[in-house]
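Chemist: Let me give you the structure first, and then I'll get to my questions.
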Amino acid sequence: MRILVLTTEPLPLPGLPTTGAGLRAWGLAFGLRSAGFDDVRIGFAADSVRGTEVDPSVVPGVSMFERDRLREYLEEQKPDAIVLQHWGLGASLPPVDCPLAVDLAGPHLLERRLWGSKRLDADLREKVETLSRADFVICSGRFQRHYFLPFLFQAGFEPEASLCPVVPFSVAPDIPAPSENRDLSAFLYGGFFLPWQDPENSLRWTLETLDEREKGKLVVVGGPHPSIDVSGGRFEKLGRLIDEHPRAESHGTMPFGEYLSLLGRCGAAIDLMPRNSERELAFPTRTVVALWAGLPVIHNNYDELAEPIERAKAGWTLDPGDRQGFRKVIDRLVGHGEDIERRGQNAQELVRKHFTWDKTIHPLADWCREPRKREGKTTVAMPAATKAPRDAASKKGRVSYSPPPPVAGPNRLQQVLSPLALLLALPIALVLLILFGGAELVKILMRRR
């Protein structure tokens, strides 16, 4: 049985930047290997690492493909089943003979909307048409599952209770050991600069508190996304502050091994951002990786990870607008390393129990043992949207909507004349009643008046 996992983004190989989608594909592939599949291969898009020097062969079973030659690549790989890591590659995927699973690890359509995509109708058609080709679908969180179900119904899936099982983002069962050079007063933030993820408040509040305490540092790892920079320059001012601040240490994007090493030298992680529709649905990669490395996380109080972090005391969950509460946590942690060490141990225990790929992969592994085509599957081709004049709402980036033509009805002249016609008709009706023997009826009506 040969399983092929496909992704559009870089894998965590030496020399390549780390991305959430790449780590997700990696976790799915190695989760399947841990479940007993001895021939699991991973392919990633060459355009995601263009301009870098990378040798995929350093890890057995890993290779690159060109999007416009994906058909030839699949013919060479000869998979018995394909796992597509998110639907964004669907437009490049040719018709395939083997069963197809699609991993929905995040609200990608919503992300496209938030980065300013002007082709929302086309994006929606692309998503539903890709899902209609799938035989099996997974996602990475319970919150996300409810978001994805309506799209799956549009794509022809039956509303079964087993539809779209959850496979959380997961990491290796080998829990990293804390570094001997760990600085418990160092707070780390890691992630790409994206329009729907805004860490500015929490990073500024951290620096304010460290300045007052005259102790500690903020370590920031980040930059534009390597596949597509959609930040729009929004974080340039924040970047300058971090670069110039004496208590801040700035790093660009880095390979996963280097990032993990840096995590091990810090005390706690910061992942507190304003609430929005994408953040509510996200199952954040950076948070699970930080917990795995033994860093308790200062985290949002509204997403799916908030409750397990709070329950396990693996960090601190806060309202993202609570400046006073956030600064109070930072202030205490600068002088109480024992809190960080205790909650760091809790963080790794939380991951060990719930978020290692040998424990989470089972829904996908069960399907891969007997991959099969979905019964009654028909490819859904969604109609192109009706073109409508671009009004003020559509110019602001809202979805353009063309209402159906109005049902034929009275025009303005008819509306004015209708009451007059009724008044004229009443005496005529009365004369007709009298002429045709309705005199008695008229008398009765007159008496009742």
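Chemist: Answer yes if at least one residue in segment 232-255 is modelled with pLDDT of 90 or more, among the small types (Gly, Ala, Ser), outside any loop (DSSP other than H, G, I, E, B) and out of contact with any Phe, Trp or Tyr (no Cβ under 6 Å at 6 or more places or on another chain), and no otherwise.
Modeler: Yes, segment 232-255 has at least one match.
Chemist: Still on this structure, please answer the following. Scan segment 106-124 and give yes if some residue there is modelled with pLDDT of 95 or more and open to solvent by less than 20 Å² (accessible area, probe 1.4 Å), otherwise no.
Modeler: So in segment 106-124, the residues modelled with pLDDT of 95 or more come out as none.
No, the conditions are met nowhere in segment 106-124.
Chemist: When Gly376 is evaluated against the numbered criteria (1) within 29 Å of the chain's Cα centre (by Cα); (2) at pLDDT 55 or above; (3) on the phi < 0 side of the Ramachandran plot, which criterion, by number, is the only one it fails?
Modeler: Evaluating Gly376 over (1) within 29 Å of the chain's Cα centre (by Cα); (2) at pLDDT 55 or above; (3) on the phi < 0 side of the Ramachandran plot leaves (3) as the failure.
Chemist: Considering segment 361-378 alone, what residues qualify as being over 24 Å from Trp26 (Cβ atoms) and surrounded by 11 or more Cβ atoms within 10 Å (Cβ to Cβ)? Please lay out each step first, then the result.
Modeler: Initial filter on segment 361-378 (over 24 Å from Trp26 (Cβ atoms)): 370, 372-378.
Result: Lys373, Arg374, Lys377.
Chemist: While we're looking at this one, here's another question. Which of the strands (runs of 3 or more DSSP E) contained wholly in segment 1-114 include at least 2 residues that are within 23 Å of Ser132 (Cα to Cα) and of a type in the set (Gly, Ala, Ser)? Steps first, please.
Modeler: Values: elements: 3-7, 40-45, 62-65, 81-85, 100-104.
Fully inside segment 1-114 and qualifying: 40-45.
Chemist: Cβ-Cβ under 6 Å, sequence separation 6+ or interchain: first residue in segment 90-101 and under 14 Å from Lys127 (Cβ atoms), partner assigned to a helix (DSSP H, G or I) and acidic (Asp, Glu). Which pairs?
Modeler: Note: pairs meeting the criteria are Ala91/Glu126.
Chemist: Restricting segment 347-358 to residues that are open to solvent by 50 Å² or more (accessible area, probe 1.4 Å) and in contact (Cβ under 8 Å) with a residue 12 or more places away in the chain, which is farthest from the chain's Cα centre (by Cα)?
Modeler: Ranking the candidates gives Glu349 first.
Chemist: Here is a further query. Please verify whether Lys328 is without any contact (Cβ under 8 Å) to a residue 24 or more places away in the chain, in a helix (DSSP H, G or I), closer than 21 Å to Glu208 by Cβ and open to solvent by 20 Å² or more (accessible area, probe 1.4 Å), treating the condition exactly as stated.
Modeler: So Lys328 passes the test.
Chemist: Shifting gears a bit: Report whether or not Phe148 is more than 30 Å from Trp292 (Cα to Cα) and open to solvent by less than 60 Å² (accessible area, probe 1.4 Å).
Modeler: no
Chemist: Test of understanding: among Pro17, Pro56, which residue is closer than 19 Å to Leu4 by Cα and open to solvent by 10 Å² or more (accessible area, probe 1.4 Å)? Don't jump to the end; show me each part of the working.
Modeler: Values: Pro17 fails: closer than 19 Å to Leu4 by Cα.
After ruling out the rest, the residue left standing is Pro56.
Chemist: Separate question: If only one of Gly294, Gly321, Gly315, Gly264 is of a type in the set (Gly, Ala, Ser), farther than 14 Å from Leu188 by Cβ and over 19 Å from the mean Cα position of the chain (by Cα), which one is it?
Modeler: Gly321
The values are calculated or read from the model by the stated rules, or taken from the named source; none is laboratory data. Note that the coordinates shown come from a computational prediction; the quantities given were computed from them, not determined experimentally. No Cβ is skipped: glycine too gets one built from the backbone with ideal geometry, and neighbour counts run over all protein chains shown. Surface areas here come from the heavy atoms of the whole protein model, side chains and all, with no ligands, DNA or RNA. Shrake-Rupley method; radii C 1.70, N 1.55, O 1.52, S 1.80 Å.
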